[in-house]
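These notes are about the structure you will find just below.
The values are calculated or read from the model by the stated rules, or taken from the named source; none is laboratory data. Everything numeric in this text was worked out from a predicted model, so none of it was measured. Positions of Cβ are backbone-derived with ideal geometry, glycine not excepted, and every protein chain shown enters the neighbour counts.
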Amino acid sequence: MKNELFTEDIRQMMLRLSDHMISAEAMLTNLDSAIGDGDLGMTMVIGFTEIKQRIIGQNFASISQLLLSCADAFAEKAASTFATLFISMLKAAGKQAEAFTCIDTSKASQLFDAAVTGVQKRGHAQIGDKTLLDALIPAADSLRRSSELGLLLPEAAILAQEAAKAGAENTINMKAKTGRSGYLGERTIGQKDPGAAAIVLVLQSFTSYIV
C-alpha cells in the first residue's frame, strides 16, 4: 500500500491506466454507441497509446510536468468530446500540482477538485446532466471527506472508487441533457453514461496501484 505518491509512482500509474483503458475499448465503444458517437473506445486507444509513447522510459522533474505532458500527448492525437474534457482534467490537475512533490490524501483531493473545475469550465455541465461529472464529482467529494477525516490514501482511494461507481450507476436512470446524447432525450434513460463509466475505470486503475 502507498500512503504517498511520488512522480515515478504517477508515471507508473499512467502507464497502468493506459493499458487498462486500451483494453476496455470494446466495452466503452458499446456504451458510447448506445447514446453517443460510438468513438469513445477508439479515443481511448489513440489517446492512451500516445501517452504511453510519450512517458515510457522517461524521467520527469515533477508531478506537474508529467501530468501536463500526458495532457499534451492526449491532445496531440485524440479528438472527441471526452478527449477535450479529459485533457481539461489533466491540465487542471497538472497546474494544481505545481507545488507538490508528492501526493497524499489531501493533495489528491485538491487535484480532483481542480479536475472537476476544469471540466465544468470547459463543458458547463453539472452533476445530474448524465456526463462524466456524475462519477467525477462523487469521487472528488469522497476524497475531500477522507482528507477531512485524516484517512490515508489507500482507504481514501477505495472510497473514491466506490463513490464514482455509484455515481456512474446512477446515470442509468438519468436523461442526458448535454452534447449529442442530449438530442436523444428520453432514449438515453436506461443506458449508463459512457464518460462516467470511463471515470470509474480511471479510479479503479489508480486504486489498484495504490492498494
Starting from the range 198-211, take each residue that is over 16 Å from residue 104 (Cα atoms) and list its partners that are at pLDDT 95 or above and not in a helix (DSSP H, G or I), counting only C-beta distances under 6 angstrom and pairs at least six apart or across chains. 199/132; 201/24
Pull up the range 168-194, narrow it to residues that are at pLDDT 75 or above and outside any loop (DSSP other than H, G, I, E, B), then point me to the one that is nearest to residue 136 (Cα to Cα). 168
Taking the range 114-148 and keeping residues more than 23 Å from residue 189 (Cα to Cα) and polar (S, T, N, Q) leaves 117, 142, 146, 147
Kindly list the number of the only condition in (1) within 19 Å of residue 9 (Cβ to Cβ); (2) in a loop (DSSP other than H, G, I, E, B) that fails for residue 69. (2)
So how many residues does the range 120-136 have that are buried (at least 24 other Cβ atoms within 10 Å of the Cβ) and assigned to a helix (DSSP H, G or I)? 4
Sort out which residues of the range 75-105 are of a type in the set (A, V, I, L, M) and assigned to a helix (DSSP H, G or I), and write them in order of number. 75, 83, 85, 87, 89, 90, 92, 93, 97, 99
Within the range 5-15, identify whether any single residue is of a type in the set (D, E, K, R), assigned to a helix (DSSP H, G or I), in contact with a Leu (Cβ under 8 Å, 6 or more places away or on another chain) and surrounded by 15 or more Cβ atoms within 10 Å (Cβ to Cβ), and answer yes or no. yes
In this structure, is residue 91 surrounded by fewer than 20 Cβ atoms within 10 Å (Cβ to Cβ) and either more than 21 Å from residue 156 (Cα to Cα) or without any contact (Cβ under 8 Å) to a residue 40 or more places away in the chain (or both)? no
Is there a residue in the range 17-28 that is without any contact (Cβ under 8 Å) to a residue 40 or more places away in the chain, of a type in the set (Val, Ile, Thr) and surrounded by fewer than 18 Cβ atoms within 10 Å (Cβ to Cβ)? yes
Please give the number of the condition residue 40 fails out of (1) modelled with pLDDT of 95 or more; (2) hydrophobic (A, V, I, L, M, F, W, C); (3) crowded, with 17+ Cβ neighbours inside 10 Å; (4) in contact with a Phe, Trp or Tyr (Cβ under 7 Å, 6 or more places away or on another chain). (1)
Among the residues in the range 94-111, are any of a type in the set (S, T, N, Q), without any contact (Cβ under 8 Å) to a residue 24 or more places away in the chain and closer than 21 Å to residue 164 by Cα? yes
Would you confirm, using the coordinates I've provided, whether residue 142 is within 25 Å of residue 96 (Cα to Cα), polar (S, T, N, Q) and without any contact (Cβ under 8 Å) to a residue 24 or more places away in the chain? yes
Being part of a helix (DSSP H, G or I) and in contact (Cβ under 8 Å) with a residue 24 or more places away in the chain is the filter here, so list the residues in the range 29-42 that pass it. 31, 32, 34, 35, 40
Would you confirm whether or not the range 43-63 contains a residue that is in a helix (DSSP H, G or I), under 16 Å from residue 196 (Cα atoms), under 16 Å from the mean Cα position of the chain (by Cα) and touching a residue at least 12 places away in the same chain (Cβ under 8 Å)? yes
